[in-house]
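Heads up, the thing below is written out as structure tokens.
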Amino acid sequence: MNRTLFVLIGFFICNLVIGQSKVNALSSYPFSKTNSIMIASFENLQFTNDTLSIIECREIPKTNGKINVGEFKQLVNLKKSEYPKLSDIIFSKSIKENIIGKGKCSETGYAILFFDKAGNVFEYIQFCYNCKTFSSSFGKDKLKNDDYEKLDRLKDLFNDNGIPIRVYRKSN
């Protein structure tokens, strides 16, 4: 009986600690200010003239310094139930570094857009899976380039929500 009670108390404390960390992450900026979150893909092609284009990581689509949602190829509104998963990806520390060689830039860039109550993007994260690079309007210390674990978790989140991430490998 004492052992069962001890196990139940331990289980309760673990759930309380884990639940509290998720609440704290969601109360962290930008989650504390967001009304909705969308994940998106956009063209990474830079046209140099009418016939030639180059592929390189470009800045997230903007017009006059503001995010231009109309230039994204795909936009998917994340369910609020997925916010803790995204928060965990952004704010967690990487545990290990997978051995993935840097690839060439892909034709597609990816973004996470945080919207305020007025429907404006107030913060964003963009990344190129194949180049292994991040860019963010906030939390730059949380998102380091070559953070392979976060990139793989973001890839899964995007794939699960209907925005497939194609993986290109550097040829040997």
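Since every read-out is calculated from the coordinates, none of them should be taken as a lab result. It should be emphasised that the depicted structure is a prediction, and the values quoted were computed from it without experimental measurement. We place every Cβ from the backbone using ideal geometry, glycine too, and count neighbours over all the protein chains shown.
Structural remarks
- Inter-label distance for F91 and A118, nm, one decimal - labels placed 7 Å from Cα along Cα-to-Cβ: 2.6 nm
- Extension gain (nm, one decimal) between V167 and S36, 0.36 nm per residue minus Cα-Cα: 44.4 nm
- Long pairs among K33/K73; K117/K155; K79/K132; K85/K155; K62/K85, criterion Cα-Cα beyond 24 Å: K33/K73; K117/K155; K79/K132; K62/K85
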